[in-house]
Amino acid sequence: MKKIGLALGGGGAKGFAHIPILEVFDELGIKPYCITGTSVGAIMGALYASGHSAKDIADMLGHLLTKSENSSLKDFFRNKEMFKFLQLIDPQFSLKPKGLIKGDKLLGFLTEQLQVSTFKELKIPLKVVATDFWNKQQVVFESGELLPAVRASMALPYIFTPVILDGQVLVDGGLVNNVPHDLLSPKCDIRIAVDITGNHTEPKDRVPTPMDAVFHTYSVMRDAMSQEKRSNHPVDIYLEPPLVDIDMFDFHKADTIYRQGLGAKDDFKRKLDRLISNKRPLSGWLRKT
């Protein structure tokens, strides 16, 4: 069996689009040889690497939604209710806050769902990316305590308080490596990257709001780095689920994000099945798809 490396990109609520991609692995009856992830990609990667299926992950996240007792997985993604997001919000009350949200409640939720506490306990090797804020450097975790690494990887500056580890102030890994396919093991025969950046349909001459200015600037920076990395570290399949008009905090659009993510599923499944079944030789053009 060919060794498959899977890189899951960051993007906040857009991470629901990772679930259809993980479903493909479950449906083909295969598992990645290794996973790398940044921010929400680190969360999804940790959940999957701990042994949970794509359906398990969707069900876990479904606990954050208001839904009927007999609702199915499909109902979960069709549910129009808002997230019970306040369950995971722990505001930072301080005259000099280090972030708007402490993140302890989210960490507790992940601890309960993962049921593992270290990288060593994972069923699939995982690498998690964070950023050393003051040294402006990438920090890669692949051993030791799992949850602090994941928490650091998603610590979007000023939204979440940073994580202090070994004298380093760690924040969101998307600042340095949002789709970390370059960190996949060299032993991989097939490399797959999932970029959930998406697109917006707003008129290009519209004056941005202050919120647009902050987060779109962040997206521009990440996109530029991703394109450069893609040129220098080609992969066999580069997936960009067709996400449209989704922002990183649109958690209430979980069903929409999932459905948009499905737009990449069938084509990905065909390509991956072709590669693992040796139905077609690996070639240069495929590395650009």
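Look at Glu23 and say whether it is closer than 14 Å to Tyr258 by Cα, at pLDDT 95 or above, open to solvent by 10 Å² or more (accessible area, probe 1.4 Å) and outside any loop (DSSP other than H, G, I, E, B).
Working: closer than 14 Å to Tyr258 by Cα: yes; at pLDDT 95 or above: yes; open to solvent by 10 Å² or more (accessible area, probe 1.4 Å): yes; outside any loop (DSSP other than H, G, I, E, B): yes.
So Glu23 fits the description; yes.
Does Thr201 qualify as being open to solvent by 80 Å² or more (accessible area, probe 1.4 Å) and farther than 25 Å from Arg270 by Cα? Against the criterion (open to solvent by 80 Å² or more (accessible area, probe 1.4 Å) and farther than 25 Å from Arg270 by Cα), Thr201 qualifies. Inside region 109-143, residues that are open to solvent by 80 Å² or more (accessible area, probe 1.4 Å), over 24 Å from Leu22 (Cβ atoms) and not basic (Lys, Arg) make up a count of 4.
Within region 107-116, can one find any residue that is modelled with pLDDT under 95 and in a loop (DSSP other than H, G, I, E, B)? Yes, some residue in region 107-116 is modelled with pLDDT under 95 and in a loop (DSSP other than H, G, I, E, B). Would region 69-81 turn up any residue that is touching a helix residue (DSSP H, G or I) at 6+ places or on another chain (Cβ under 8 Å) and either modelled with pLDDT of 95 or more or within 23 Å of Glu240 (Cβ to Cβ) (or both)? Yes: region 69-81 contains one or more residues that are touching a helix residue (DSSP H, G or I) at 6+ places or on another chain (Cβ under 8 Å) and either modelled with pLDDT of 95 or more or within 23 Å of Glu240 (Cβ to Cβ) (or both). For the residues Asp182, Asp195, Asp267, Asp189, the requirement of being within 19 Å of Ile43 (Cβ to Cβ), among the charged types (D, E, K, R) and modelled with pLDDT of 95 or more singles out Asp195.
The values are calculated or read from the model by the stated rules, or taken from the named source; none is laboratory data. Quantities reported herein were computed from a predicted structural model and do not represent experimental measurements. Ideal geometry is used to build each Cβ from the backbone, glycine not excepted, and the neighbour counts take in all protein chains shown. When the accessible area is computed, the model is the full protein with side chains, heavy atoms only, and any ligands, DNA or RNA have been set aside. Shrake-Rupley method; radii C 1.70, N 1.55, O 1.52, S 1.80 Å.
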